[in-house]
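Taking it in order: structure first as structure tokens, then the write-up.
The values are calculated or read from the model by the stated rules, or taken from the named source; none is laboratory data. Keep in mind that what you see is a predicted model, and the values were worked out from it rather than measured. Here the Cβ positions follow ideal geometry from the backbone for every residue, glycine too, while neighbour counts run over all protein chains shown. With ligands, DNA and RNA removed, areas are computed over all heavy atoms of the protein, side chains included. Shrake-Rupley method; radii C 1.70, N 1.55, O 1.52, S 1.80 Å.
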Amino acid sequence: MKEFKGKLGTYKIVLTSDQSPTLWSEAFDENCHSTAGAKQETQYVYIEGCELLNKAQNGSIVILEVGFGAGHGLKETYEFFKTHAPQCEVYFYSLELDEELIPWAFENLIKIPMPQKKGKLYQGKIDHFEYNILIGDARQTVPNFQFPKLNAIFQDAFSPDKNPSLWTVEWFEMLKSISAPDVILTTYSASSKVKKGLFEAGWSVSERPGFSGKRGSIKADLSGKMDRNIIEKLERSPAQALRD
């Protein structure tokens, strides 16, 4: 199978350089991951970026993934904790607009039991790892769902140009309101307008090298500490934060 139909149109299966698949979305005209390696990008940007190994030492962690997509976030997070911190209580939440991606991901990629559907929520659990997928427009589902306080956020939506509603100041304010003080948010994006959006929403922004030669990526927290050089660079940038 090289492609399949979803509720938002056709998805084409694309093999990336590390031999892991990603999906190209007709609706967004964009791949879900870097073609340099979907698996490795997920590990670098989110698992390493959000410092999950350090957070596992607390004994429990709540993770929100913004964009289930092809399922790499769930797969790599499950395998990471299974290998490195099997006794840590993990509560993994993912947001997805197109419900048809879920059966594809569990059949073709994730290889753990398909979660049970309860209304618009899919729920599953293996040992100490609980996984949940919330279906619908994230701007509507998130404020109406009772999340535990978040310790890590994988901001993995389609790009700001293709999917702007999940990159606005108001969206980042919403994420901040459901986060724990120790939260770390990471994203593949290096966009100045995303940095400004996070900054104006009250996040402290830092920069990381990008995956596989990409010019950069973003990491944010609620520490209140921010490099003055980054602040000055944002002040000089003509880019504007996205707003609703």
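Under the condition of being exposed (fewer than 13 other Cβ atoms within 10 Å of the Cβ) and of a type outside the set (Lys, Arg), which residue from the range 112-125 is farthest from residue 98 (Cα to Cα)?
113
Would you confirm whether any residue within the range 96-108 is crowded, with 20+ Cβ neighbours inside 10 Å and among the polar types (S, T, N, Q)?
No, the conditions are met nowhere in the range 96-108.
In the range 35-73, what count of residues is obtained for those that are open to solvent by less than 10 Å² (accessible area, probe 1.4 Å), among the hydrophobic types (A, V, I, L, M, F, W, C) and closer than 20 Å to residue 217 by Cα?
8
What tally of residues in the range 1-42 results from selecting those that are polar (S, T, N, Q) and part of a helix (DSSP H, G or I)?
Residues that pass the stated criteria total 2.
Go through the range 76-91 residue by residue and tally those that are open to solvent by 30 Å² or more (accessible area, probe 1.4 Å), out of contact with any strand residue (DSSP E or B) (no Cβ under 6 Å at 6 or more places or on another chain) and not aromatic (Phe, Trp, Tyr).
Result for the range 76-91: 6.
Would you mind stating whether residue 47 is within 20 Å of residue 128 (Cα to Cα) and in a strand (DSSP E or B)?
No; evaluated as a whole, the condition is false for this residue.
Mind checking whether some residue in the range 161-181 is farther than 20 Å from residue 141 by Cβ and of a type in the set (Lys, Arg)?
Checked the range 161-181: no residue is farther than 20 Å from residue 141 by Cβ and of a type in the set (Lys, Arg).
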